[in-house]
Amino acid sequence: MLPLELIRKDPDRVRRAAELKGEPAPIDEILKLDKEWREHLHKAETIKEEQNKLSREFAKTRDEALKDRLRQMADVAKQEMAQAEAVKRELDDLLLRVPNLFHESVPIGMTEADNVVVREWGGKPELGFTARTHYDLGEALGIMDFERAARVSGSRFAFLVGDGARLERALAQFMLDVHTREHGYKEVMPPALVNSASLVGTANLPKFGADLYKVEGQDLWLIPTAEVPLTNFHREEILDGHVLPLKYVAYSHCFRSEAGAAGKDTRGFIRLHHFSKVELVKVTTPEQSMEEFEQLLADAETILQRLGLHYQVMLMCTGDMGFAQYKKYDLNVWCPGLDRYLEISSCSVFNDFQAMRANIRYRPAPGAPPKFTHTINGSGVAMRVIDPLLETYQRSDGMVTVPDVLKPYMGGIELIGAR
């Protein structure tokens, strides 16, 4: 969240950032409650100062009138403090609803049309025949089953079967090996259920509660991404500055209700309620964060390059970047069958926005006062990379060539559909 001091000092800057993000921000209500909170605190503290003076006088005189007055003052001070605490709870709730600021390099705009392609890698594949979609290929090859998944779970679910399931496992192992052995991330197997405080820490709550799945009767939620448990791994901790940056990678299942995505990508292995991905998270100092952010993006790009997939790096504009993000890139991969780019990874830097909510701090030097860390995350990458992979490596006979980097993880098979 943003510091209350910043909102007091420069409310117009915060208002402008919220407007350019297309997010409501209760700045006036915050300033009003902040004033009330401080007034109640001031009254309580003033009364306590008077109490202390009268207590010293009573100790000398033992005047019973002073004793009655002290009792009355104590009651008033208690009331003022209770009112201050009630206002502060309301104030804290409103602070959680204020979006992050954005980096000066973020383009101003309100829709995806205002996003900027900063670079591309590779070229669109020339297949020499009419490309089929991944869902047509998957069903024809017997490696994707949407009909049975709908009977078992409902819409927006999928079975991966045979070489389809093996392909996802191969992709996960390949990505984890690259990120741990070459990029220096520490692998973590996180829990798939987290408490409300963890979701507040990553800014999923309170704003995005409708997009999450909650366990009835318990303070537990299914994770929408491994970003949540990985970022909260150091919640309420003070880290030694010399250990930063910390770099974590996790393969996990993810769960999203997609409440705000009605009618979008209803076909195929795209916008599912249950999916998996490999997530990258970094905890850094403020001085490291922008450089580490660009490096995390490069780490995710490495996966796509080694898979031989054409993609573009999209810098997201203010109105399309999200509530909590300070700066965000999307990696969009070309799908010949869909005849469009598909977002496969989002990489974001949050400055200290998440760290303040989760109270993740570090000590720059022994004895120095603690400071808030910065946090970074991104998909490294999501398993819907299966979609452009199948569409890019499809053959005219309906089979799919296995990319070279995946063959060792697929038992050496050359083609999906040959057996």
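FYI, it's all coordinate maths here, none of it is from the lab. What you see is a predicted model, and the numbers here were worked out from it, not measured in a lab. Cβ atoms come from the backbone with ideal geometry, glycine included; neighbour counts cover every protein chain shown.
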Distribution of pairwise C-alpha distances over the range 4-95, 5 Å bins, in %: 3, 13, 18, 14, 11, 10, 9, 7, 6, 4, 3, 2, 1
Karplus 3J(HN,Hα) series, Hz, for the range 27-35 with 6.51 cos²θ - 1.76 cosθ + 1.60 (x for Gly, Pro): 5, 4, 5, 5, 5, 5, 5, 4, 5
Listed residues 188, 164, 234: farthest to the positive end of the dipole of the range 117-265 (Cβ charges): 164
Ratio of Rg to Rh over the range 112-416 (Cα coordinates, Kirkwood Rh, two decimals): 0.97
Sum of -39500 (n - 2.57) over DSSP H runs of 4+, divided by residues of the chain (222 nm, nearest 500): -12000 deg cm²/dmol
Farthest toward positive dipole pole in the range 101-222 [+1 Lys/Arg, -1 Asp/Glu at C-beta], among 116, 131, 155: 155
Under 16 Å from residue 32, Cα to Cα: lysines that are on another chain or at least 8 residues apart: 9, 88
Relative contact order for the chain, counting Cα pairs under 8 Å that sit 6 or more residues apart, in percent: 20 percent
Cut-off under 5 Å, modelled amide H: who pairs with residue 380 long-range: 278, 279, 280
HN-Hα J in Hz across the range 214-221 - Karplus 6.51, -1.76, 1.60, θ = phi - 60°, x for Gly and Pro: 10, 7, 4, x, 9, 8, 9, 10
Test item: Cα-centred dipole of the range 112-416, Lys/Arg +1 and Asp/Glu -1 on Cβ, debye: 500 debye
Reachable lysines, given that their alpha-carbon falls under 16 Å from the alpha-carbon of residue 247 and they are not under 8 places away in the same chain: 186, 282
Amide proton proximity set for residue 307, modelled H, under 5 Å, gap of 5+: none
Among 222, 18, 338 the positive-end extreme of the charge dipole of the chain (Cβ point charges): 222
Within-13-Å neighbourhood charge of residue 358 [Cβ basis; K, R +1; D, E -1]: -1
From phi via Karplus (6.51, -1.76, 1.60), per-residue ³J(HN,Hα) for the range 305-321 in Hz, x at Gly/Pro: 5, 6, 7, x, 9, 6, 8, 10, 9, 10, 8, 7, 7, 4, x, 10, 9
